[in-house]
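Student: Pasting in a structure now, in structure tokens, and then I'll have a few things to ask.
The values are calculated or read from the model by the stated rules, or taken from the named source; none is laboratory data. Everything numeric here is computed off the predicted structure, so don't read it as measured data. Every residue, glycine among them, receives a Cβ derived from its backbone with ideal geometry; neighbour counts consider all protein chains shown.
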Amino acid sequence: MSDFQTGTAATRGDGPFVAGLLQATLTARKVAAIVALAWDGPQLRAFTVSLGLGEQPERVEQLAGALALAAGADACRVAREGGRLLLEIPKPDAERKPLRAGRLEAFTPPTPTAICLGIATGGRALWADLADERSAHLVIGGTTGSGKSVLLRWLLYRLAVQNDPAALRFVLIDPKAFELADFGRLPHLLHPPVAKPLEVARVLSWVAGELDRRAQLGRGGGGYRLVVVVEEVADLLATNRDVGPLLSRIAQVGRALGVHLVATTQQPGARSLGDALVNFPARILGRVASATLTFGAAGRKQTGADCLLGRGDFLLLAAGETTRFQAPLLDGRQLSQLPRAATVATLDAELPTAVSIADLARDPRGGRGRRELTPDDYGRLEAVVAGGAGADEVRGRFGIGYERAARIVGGYREVYG
């Protein structure tokens, strides 16, 4: 029997013992209910609560703190799932263990674009299919240590081994320039992974043009599914405002044209994702720093995201449902099985021309150091920067802020050398 099947804890005696403590706590609070062990998972145990006639689940939800103390745990998440009321109790640190990726490879995907995200509470495999409108775009959120980058790597690995390069291609955007290094020689790549802000803007502009081309040719015009992957999208948007509208457009119309967006961010709310957020049908949420941040990250009440344990403990929020699951830990053996290309494809010949000095300098928000430059200014500005001027000189000559001047100078050097 699998370690993740109901009843494993019963053989050690600790699961039924904890169930008895939870039962006694509810009884002491005059809540008529029966508590039973439902699942012994990698990091937590789940208990079903069968309420007596007329009892309200809200009464149990209000007792989450008392139930956690009774079980000797830091937290207790009270969840409603599949018509059941569940108490999810973290295991002691010494008893927690990772979910190895090899366990999930035994599951046969129903379609090549379906990925087994992990094991849901109760022991069933949890799937997300890019071909399904309910999970056509994914955003993975969570604080440092939640496991979002590990989960992203698992998703990329599964899509790569399940799909021929002729059927599915990747564009990888990795501002850190190292998180996705293991995937830098996939035959599925249309272009080497990109990190520099202006190169990111050029590649995303190409994707926007690909959307137009596919729209003109019809749904099947692409001939392959295209998955655009963006690591730490909030950081990217903060450093390059030009990519925001491009990402929003991909999220808005990409699904119907076979183009999918997968992004990670520490806080997947409107502040970090902007207009693109409403077009992400599915969110995967890891540990959130505090209860006050939970609603903004989840977009709905009472998810209990602040009770997640990190290390691959996630919630999938899709189609109005919230499902807790444990994501797998990818190891070197799986990565060694990735297909490798002798040479990596490039879009250099198809990318839009480099941005102009006007694109670099545009900042019409108003306020100190943010005045809109005139066409005459652009000509003088290009001459000054091309002549070797630094950010301080540009700031002084044109009366703009230092940050904006540094962005203009740095961007020009990146494009033109």
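Student: May I ask you to list the residues in the stretch 289-311 that are at pLDDT 80 or above and aliphatic (A, V, I, L, M)?
Tutor: From the stretch 289-311, those at pLDDT 80 or above are 307-311; that's our starting set.
Listed by number, the residues that qualify are LEU308, LEU309.
Student: What residue, among those in the stretch 94-115 that are free of Cβ contacts under 8 Å to residues at least 60 places away in the same chain and among the hydrophobic types (A, V, I, L, M, F, W, C), is farthest from GLY332 (Cα to Cα)?
Tutor: Among them, the one singled out is ALA94.
Student: For the condition modelled with pLDDT of 95 or more, in contact with a Ser or Thr (Cβ under 7 Å, 6 or more places away or on another chain) and surrounded by 20 or more Cβ atoms within 10 Å (Cβ to Cβ), what is the one hit in LEU130, LEU156?
Tutor: LEU130
Student: Name the single residue, out of those in the stretch 229-284 being in contact with a His (Cβ under 8 Å, 6 or more places away or on another chain) and at pLDDT below 85, that is nearest to LEU117 (Cα to Cα).
Tutor: PHE280
Student: When ARG169 is evaluated against the numbered criteria (1) at pLDDT 90 or above; (2) in a helix (DSSP H, G or I), which criterion, by number, is the only one it fails?
Tutor: All conditions are met except number (2).
Student: Say whether the condition of being modelled with pLDDT under 85, buried (at least 18 other Cβ atoms within 10 Å of the Cβ) and either part of a loop (DSSP other than H, G, I, E, B) or within 22 Å of the chain's Cα centre (by Cα) (or both) is met by at least one residue in the stretch 336-357.
Tutor: yes
Student: Restricting to the stretch 25-68, count the residues that are in contact with a Leu (Cβ under 7 Å, 6 or more places away or on another chain), surrounded by fewer than 17 Cβ atoms within 10 Å (Cβ to Cβ) and of a type in the set (Ser, Thr, Tyr).
Tutor: 0
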